[in-house]
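First up is the structure itself, then whatever we jot down about it.
The values are calculated or read from the model by the stated rules, or taken from the named source; none is laboratory data. Remember, predicted model here, so these are calculated numbers, not experimental data. Note: ideal-geometry Cβ built from the backbone for every residue, glycine included; neighbour counts use all protein chains shown.
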Amino acid sequence: MGLTEDLREYAKLLELDFIGFCSAESFDEAPEDRKPRVYLEDVRSIISIGYRLNCGPIQNLHASRSAYMLEHDYANRHLDQASQKITRFLEERGFDAIGFDSGAGFYNEAGKTPERFAGDFSHKHAAVACGLGKFGLNNLVLSPRWGPRIRLSTIITSAQLKYDLPLGENPCLTPECEECVKICPVHALDRWKGRYDPEKGWVIEKKKCYDYIFTTLKGQRCGLCIKACPGGLRR
């Protein structure tokens, strides 16, 4: 097997639910300070990995907030460990590699909204470029199988890999479905018309979203736009 196939098999051993690959050139239109070469000069490939969330803690929000946080935090820890191990896997084979934490590179104090609303590297754009999903109206990546009930992380590497094709059909049911827009407690998704792009996402009113998470919920994640999405639910 080649390196790409080895990585797919290794992802199974790491109990990841999916892995995808794309060229670093997929980020040529990204802002200068978000391009992969900022972090790794000889970067050639992007690896997106994901771990699905259990549905119960999400679908029973608000009451299951603590259980949802456990789900969210466990998935992040699992992805961070997998990212570190994949980085070592590549380095042991002679390639440069850097993994980005699943929390997107910024942290917060309880009750305090972060000063900036962007991570070091966009896990969501990487996942879409690697063919793992499309952006939904909630500006989260929707997987064809699990909808938005996933967590993501990214590794960049100097290795040349076999790249996946972008996903064809959009899992988001827009414009027939606006359930995520309706449920948002701070109306952060109201202005999606003419702005939403399933390939690139769109700029939601992040300050409203993050004020609610970091001030009203004291750092606990909201999850309501995930709960409302019919994508990936077993009916």
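Would you tally the residues in region 186-207 being of a type outside the set (Gly, Ala, Ser) and touching a helix residue (DSSP H, G or I) at 6+ places or on another chain (Cβ under 6 Å)? Break it down into steps so the answer makes sense when it comes.
At the first step, the residues of region 186-207 found to be of a type outside the set (Gly, Ala, Ser) are 186-187, 189-193, 195-200, 202-207.
Okay, now just the ones that are also touching a helix residue (DSSP H, G or I) at 6+ places or on another chain (Cβ under 6 Å), so 186, 189.
Going through region 186-207 one residue at a time, the tally reaches 2.
Among the candidates LEU152, LEU142, which residue alone is outside any loop (DSSP other than H, G, I, E, B), under 29 Å from ASP28 (Cβ atoms), touching a His at 6+ places or on another chain (Cβ under 9 Å) and of a type in the set (A, V, I, L, M)? Write out each step before concluding.
Numbers: LEU142 fails: touching a His at 6+ places or on another chain (Cβ under 9 Å).
That would be LEU152, the only listed residue that is outside any loop (DSSP other than H, G, I, E, B), under 29 Å from ASP28 (Cβ atoms), touching a His at 6+ places or on another chain (Cβ under 9 Å) and of a type in the set (A, V, I, L, M).
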Quiz item: Within region 22-53, restricting attention to residues that are without any contact (Cβ under 8 Å) to a residue 24 or more places away in the chain and not in a helix (DSSP H, G or I), which residue is farthest from PRO144 (Cα to Cα)?
Solution: GLU41
Quiz item: When region 150-183 is examined, which residues are found to be among the polar types (S, T, N, Q) and in contact with a Leu (Cβ under 6 Å, 6 or more places away or on another chain)?
Solution: SER153, THR157, THR174
Quiz item: Would you call GLY147 over 18 Å from LYS227 (Cα atoms) and either under 15 Å from the mean Cα position of the chain (by Cα) or surrounded by fewer than 21 Cβ atoms within 10 Å (Cβ to Cβ) (or both)?
Solution: no
Practice problem: Within region 195-230, work out how many residues are part of a helix (DSSP H, G or I) and at positive phi. | Solution: 0
Quiz item: Is it the case that ALA63 is out of contact with any His (no Cβ under 6 Å at 6 or more places or on another chain), outside any helix (DSSP H, G or I) and modelled with pLDDT of 95 or more?
Solution: yes
Practice problem: Please specify each residue of region 11-21 satisfying the condition of being loosely packed, with under 14 Cβ neighbours inside 10 Å and either of a type outside the set (A, V, I, L, M, F, W, C) or assigned to a loop (DSSP other than H, G, I, E, B) (or both). | Solution: LYS12, GLU15
